[in-house]
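J.: My questions will all concern the structure given below.
The values are calculated or read from the model by the stated rules, or taken from the named source; none is laboratory data. The model shown is predicted, which means the values in this text are computed figures rather than measured ones. For neighbour counting, all protein chains shown are included, and Cβ atoms are generated from backbone atoms with ideal geometry for every residue, glycine included.
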Amino acid sequence: MPPANAVFRIIWLLPKLPLWFDEILDLIGARSSDLPSMFRFVRQNAGSVPLAYVLQWASVHTFGVSAFSGRLPSAVASVAGCVGVF
């Protein structure tokens, strides 16, 4: 499968698959109105990674609260990782 086709399929699938419980929790934190309140949310959740929340917060505030915007930072990181490996 050509790389561009794989990227298209990933982007196409983002909003189609149901959210997992951890993704719902991430979206709750990412939809905070500002970064300081988002960081307060991150501190309350064991195992949270602030950088992931910052990227997801930016995505949610750019594209609105949806499965697509919640998963977009992870999808971009996955594609970038594949590019780096190959």
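J.: Does Ser78 fit the bill of being at pLDDT 90 or above, polar (S, T, N, Q) and in a helix (DSSP H, G or I)? Let's see the steps before the verdict.
T.: Numbers: at pLDDT 90 or above: no; polar (S, T, N, Q): yes; in a helix (DSSP H, G or I): yes.
For Ser78, the condition - at pLDDT 90 or above, polar (S, T, N, Q) and in a helix (DSSP H, G or I) - is not met.
J.: Just one of (1) more than 11 Å from the chain's Cα centre (by Cα); (2) touching a residue at least 40 places away in the same chain (Cβ under 8 Å) trips up Val85, so point out which.
T.: Evaluating Val85 over (1) more than 11 Å from the chain's Cα centre (by Cα); (2) touching a residue at least 40 places away in the same chain (Cβ under 8 Å) leaves (2) as the failure.
J.: Follow-up. When the residues of the range 39-62 are filtered to those that are of a type in the set (A, V, I, L, M) and more than 26 Å from Ala6 (Cβ to Cβ), which remaining residue is modelled with the lowest pLDDT? Don't jump to the end; show me each part of the working.
T.: Kept after step one, since they are of a type in the set (A, V, I, L, M), are these residues of the range 39-62: 42, 46, 49, 51-52, 54-55, 58, 60.
Right, trim to more than 26 Å from Ala6 (Cβ to Cβ) and you get 42, 46, 54.
Working: Val42: 89, Ala46: 75, Val54: 93.
In this case the residue turns out to be Ala46.
J.: Any idea which residue in the range 27-43 is farthest from His61 (Cα to Cα), counting only those that are hydroxyl-bearing (Ser, Thr, Tyr) and loosely packed, with under 14 Cβ neighbours inside 10 Å?
T.: It comes out as Ser37.
J.: Then there is this: Go through the residues of the range 63-73 one by one and say whether even a single one is modelled with pLDDT under 90 and either surrounded by 15 or more Cβ atoms within 10 Å (Cβ to Cβ) or not charged (D, E, K, R) (or both).
T.: Filtering the range 63-73 down to residues modelled with pLDDT under 90 leaves none.
Checked the range 63-73: no residue is modelled with pLDDT under 90 and either surrounded by 15 or more Cβ atoms within 10 Å (Cβ to Cβ) or not charged (D, E, K, R) (or both).
J.: For the range 46-60, what are the residues that are free of Cβ contacts under 8 Å to residues at least 24 places away in the same chain and either exposed (fewer than 14 other Cβ atoms within 10 Å of the Cβ) or part of a helix (DSSP H, G or I) (or both)? Can you show your working first?
T.: Just the residues of the range 46-60 that are free of Cβ contacts under 8 Å to residues at least 24 places away in the same chain, to begin with: 46-51, 54-55, 58.
Of everything in the range 46-60, those that are free of Cβ contacts under 8 Å to residues at least 24 places away in the same chain and either exposed (fewer than 14 other Cβ atoms within 10 Å of the Cβ) or part of a helix (DSSP H, G or I) (or both) turn out to be Ala46, Gly47, Val49, Pro50, Leu51, Val54, Leu55, Ala58.
J.: Which condition breaks for Ile24 when tested against (1) surrounded by 14 or more Cβ atoms within 10 Å (Cβ to Cβ); (2) part of a helix (DSSP H, G or I); (3) at pLDDT 90 or above; (4) of a type outside the set (Lys, Arg)?
T.: Failed condition: (1).
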